1. Consider GLN89 against the criteria (1) under 18 Å from ASP8 (Cβ atoms); (2) open to solvent by 20 Å² or more (accessible area, probe 1.4 Å); (3) in contact with a helix residue (DSSP H, G or I) (Cβ under 9 Å, 6 or more places away or on another chain): it satisfies all of them except one. Which criterion is unmet?
2. Looking at segment 27-53, which of its residues are open to solvent by less than 40 Å² (accessible area, probe 1.4 Å) and either within 20 Å of GLY95 (Cα to Cα) or touching a strand residue (DSSP E or B) at 6+ places or on another chain (Cβ under 7 Å) (or both)?
3. Return the total of residues in segment 119-147 being more than 16 Å from GLY11 (Cβ to Cβ) and surrounded by 20 or more Cβ atoms within 10 Å (Cβ to Cβ).
4. Within segment 1-58, which residues are polar (S, T, N, Q), over 14 Å from SER99 (Cβ atoms) and not in a loop (DSSP other than H, G, I, E, B)?
5. Step by step: first the residues of segment 107-118, then only those that are touching a residue at least 60 places away in the same chain (Cβ under 8 Å) and either farther than 28 Å from LYS57 by Cα or touching a Cys at 6+ places or on another chain (Cβ under 9 Å) (or both), then the one that is surrounded by the fewest Cβ atoms within 10 Å (Cβ to Cβ). Which residue is that?
6. Of everything in segment 83-101, what is within 17 Å of GLY25 (Cα to Cα), in contact (Cβ under 8 Å) with a residue 24 or more places away in the chain and in a helix (DSSP H, G or I)? Give them in sequence order.
7. Can you go through ALA110, ALA131, ALA105, ALA117 and tell me which one is over 26 Å from PHE41 (Cβ atoms) and of a type in the set (A, V, I, L, M)?
Amino acid sequence: TCGGMAIDVCGGDLVISNAAIRQEGTSQEYLPLPFPAVSDFGVTSALAAAARQTGQKVHIGVVQCKDSFYGQHRPEDSPVSYQLKNQWQAYIQGGCLASEMESAALFITAAARGIRAGCILHVIWNQEREAAGLPNTPVHDTSKAATAAVNAIKLLIKESEQL
């Protein structure tokens, strides 16, 4: 699920992460911080193909992965609020699509273990749209993202059987 992101991402949209900003701690226990947190291209391609079949709007790109939910949603409560706010604005300007809390650890652990990983997110709402006074209807039905994930796995299985 996503809470803050690029302004054109709406509730109900699907976000497929091809890379994650490593603003969390778990991934640093597996590989040094300069090592990029990226998804497997094949898994990402399968997720994209399956997501497009759901009829939902699909976005593919970089997401922010962080440890602190409230650091994003209530940064003013933090002694480092200026840093959190400035970083978030820089990420948005760089094209960051969403903020979540798992993808970087998944991508880095997969790389360290020699396995494939991908990430599909269902957007519930978008704090940037809300801040801009734009329509921001929450969408809690995550079935399209789940369906896309299952169908992507089926595509990957079929692909592996043809090798």
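1. Failed condition: (3).
2. Within segment 27-53, SER27, ALA37, SER39, THR44, LEU47, ALA48, ALA51 qualify.
3. 1
4. If the condition is that a residue be polar (S, T, N, Q), over 14 Å from SER99 (Cβ atoms) and not in a loop (DSSP other than H, G, I, E, B), then ASN18, THR26, SER27, GLN28, THR44, SER45 are the ones that fit.
5. My answer is ALA112.
6. Residue satisfying the conditions is GLN87 alone.
7. ALA131
The values are calculated or read from the model by the stated rules, or taken from the named source; none is laboratory data. Since this is a predicted model, take the numbers as computed values, not measurements. Every residue, glycine among them, receives a Cβ derived from its backbone with ideal geometry; neighbour counts consider all protein chains shown. For the accessible areas, the whole protein counts, side chains as well, though only heavy atoms, and no ligand, DNA or RNA atoms are used. Shrake-Rupley method; radii C 1.70, N 1.55, O 1.52, S 1.80 Å.
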